[in-house]
Structure formats: structure tokens, C-alpha cells
Amino acid sequence: MISKANFSAWCEEIDRTTRQLWNLFMGQLVHQLKKMSCDQATLIPTGLLSFLPLHAVWIEDPSTPTGRRYALDDIHFTYAPNAKSLSAAQAIDQRTGADSILAIDNPTQDLPNSEREVNAAIASFPKNTVLRHGAATVEGVRSQLSKMAIAHFSCHGTANLNDPLNSGLVMSDGLLTLRDIFALNLGDQGGLRLAILSACETGLSGIENADEAISLPTGLLQAGVAGVVASLWSVSDLSTMILLSRFYTLWQNQTMSPAIALRHAQQWLRDASPTDIVDHCRTFIPDLDSHKELKRSLKYDYSHPYHWSAFSYTGV
């Protein structure tokens, strides 16, 4: 758990860095894209820029609820490692449906809101497979991945900055590494439409050869996944549950593309009132009123970028 002092310092650093980036280059980029009447762009960050939430760069704007205007308010930003990977992702998207889901639920049994998040994720998919707790083994997940169109991982993740192929997701019996996933040759079997990595630091890339950095999202694109939702830093499982449940609502019930649904879910969580959040959570936690501590925790201000901007969308 992050201490209150470290949390405060982390939030201050996010604010400082993302504000500086507006002046350094993102403000001018947003201005030029708007001038060209572009409302969507794919960023291909290299080096240390791949560690930063460029979609959450901001400038002061007293007309908004938060007093800030973020880059994602003007332009819908997604990410890609290179144009070749983006073209391959588009081909997978065109031949892959979104009618089935594999969900990994809390293999280490220490994420109190994981089951609720997973239940919200699978609600719109009649064809679903859930591997909970001890059943979520490395081999169990490997054997199921190619059979589903979507994979949702509610678990811990780790970024190996010196050896990115050993970055991975923590299962009940060990680490499901990027190397393990490459070995599945998912692209040769049709590929996956989407992978949601609801885990800590799943979006971080390696520091060796930074201009050709490999992270879990970029690696998954190369391994045969069309789109990946992942996080740059450790986010509380409560705010993650709220954000991703909203994402599924927008994607499945309002027929948005997954990339646009993530953007709208981030804006919603940032601007939502405590009442809005509680009402939303009632849609997938019917007995919410009987969980007084959880309901109390939901009545919180999630406007700071710490809660919503860690997640980014890579691919299509």
C-alpha cells in the first residue's frame, strides 16, 4: 500500500510533469491537430516519453469542472509502438469479433474489488470463462487465451525494465511473462481483439534500447492482440474497478469502440460526482447498500489524474 505521504508526493509529481509537458510540446501538438481539424491521433512515443501519460497533459481552464483542460479533452489519443504494428492490429481487428471473454480474477487473492470488477466485465458476454484465485495458473491461462476474443486480467503485474520479455502478470503459481505469450503465436490463430490489463505498471517499457522499447502493451500487439488497455503505475483496485466497469458499460451498451470508451470512461470518472459514482456502481453491485464501508469509499473525489490517467490504449 502507498503511504499518504508518498501518495501526496506522487500526485504532485504527476501534476508538475504533465503541466510542464503542455508547454514543452503537447500544447503545440494539440493546437496543430485542431488547426488541421483532426480529432484523433496515434502517438508513437520513444525513449522516456513512453513512461508518461501524454493524454493527461494539461493547461489551466477555469471553464471546466476541474479547472483544467487535458489533452484528451481536445484530441482522442491512442498509442502504438510503430506503424507496422498498427497495421497488423487493424488486420486482426477486421477479422476478430468481440463475442467472448476470458477473465482472470485475483490469482493472489489480495484485491478486494477484483470479483466485482470481473463480474462487471463478463456481464455482456454470454460466452465467458473465468479463472478465479488458485485456478488462474500460468498454464491454465495459456491454454485458454487463444480460444477467446477478449482477455481481462484483474491481477498484479510487474514490469522488468531491464528484460522486458520477462515482464508479466502474476498468476497463482508464478508469472505469465510476455515471453510465454509470444510463444502462443496468437496471430497465427486469428489473434485477440482486446486485452485489458487491470494490473500495476503493465504499461511500462524497458530502459535498454529505449527507442525500441518493449512493454506488455507493445509486446502484446506484436504477439497478435489488436488493442491493449494497460496502466503506467499502481492504481487502487477501487478506482480501477469504477473506471473499467464504466468502460465496459460504454463499450458494450453504448456501442462505442473500445478506445473511445476508455477515453469517455476516464473523463467520466474525472468529472463524476460521488452520487454519480454510487449510482453507476449499483448497476453491477445490486446489494451495494448493504456494503456500507464500500459505499462510503465510493464517495470520493477521483478527479486527480492519478486515478484515471494511468490507463492508456495501445493499438486499435
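A compact table of results
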item: Which of Pro217, Ala159, Trp10, positive extreme of dipole for the chain (C-beta unit charges); result: Pro217
item: From phi via Karplus (6.51, -1.76, 1.60), per-residue ³J(HN,Hα) for region 92-100 in Hz, x at Gly/Pro; result: 5, 4, 5, 10, 10, x, 9, 10, 8
item: Accessible area of the chain belonging to carbon and sulfur atoms, whole % at 1.4 Å probe; result: 51
item: GNM top mover of Ser114, Ser100, Ser290 - the chain, alpha-carbon springs below 10 Å; result: Ser290
item: Simple Cβ-charge dipole of the chain, Lys/Arg +1 and Asp/Glu -1, about Cα centre, in debye nearest 20; result: 500
item: Per-residue SASA entry for Trp268, accessible area with 1.4 Å probe, Å² rounded to 10; result: 40
item: The chain: most fluctuating residue of Glu117, Glu13, Glu139 per GNM, C-alpha cutoff 10 Å; result: Glu13
item: For His152, distant residues with modelled amide H under 5 Å away; result: Leu102, Ala103, Ile104, Ile196
item: CD proxy at 222 nm, helix term only [per DSSP H run n ≥ 4: -39500 (n - 2.57); per residue of the chain; nearest 500]; result: -11000 deg cm²/dmol
item: Amide H within-cut-off set for Leu192, under 5 Å, with H built and near neighbours excluded; result: Val225, Ala226
item: C-alpha center-to-center spacing [region 12-54, region 105-175] in angstrom; result: 31
item: In sequence order, calculated HN-Hα J values of region 148-153 (Karplus, 6.51, -1.76, 1.60; Hz; x Gly/Pro); result: 10, 8, 10, 10, 10, 10
item: Probe 1.4 Å, protein heavy atoms only - accessible area per residue of region 87-243 in square angstrom; result: 36
item: Heavy atoms of Cys38 accessible to a 1.4 Å probe, total area in Å² rounded to 10; result: 40
item: Max mean-square fluctuation residue, GNM over the chain, Cα-Cα springs under 10 Å, options Asp61, Asp180, Asp271; result: Asp61
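The values are calculated or read from the model by the stated rules, or taken from the named source; none is laboratory data. Please read these numbers as outputs of a predicted model, since none were measured by experiment. Glycine gets a Cβ as well: all are built from the backbone with ideal geometry, and neighbour counts include every protein chain shown. Just so you know, the surface numbers come from the protein's heavy atoms only, side chains and all, with ligands and any DNA or RNA stripped out. Shrake-Rupley method; radii C 1.70, N 1.55, O 1.52, S 1.80 Å.
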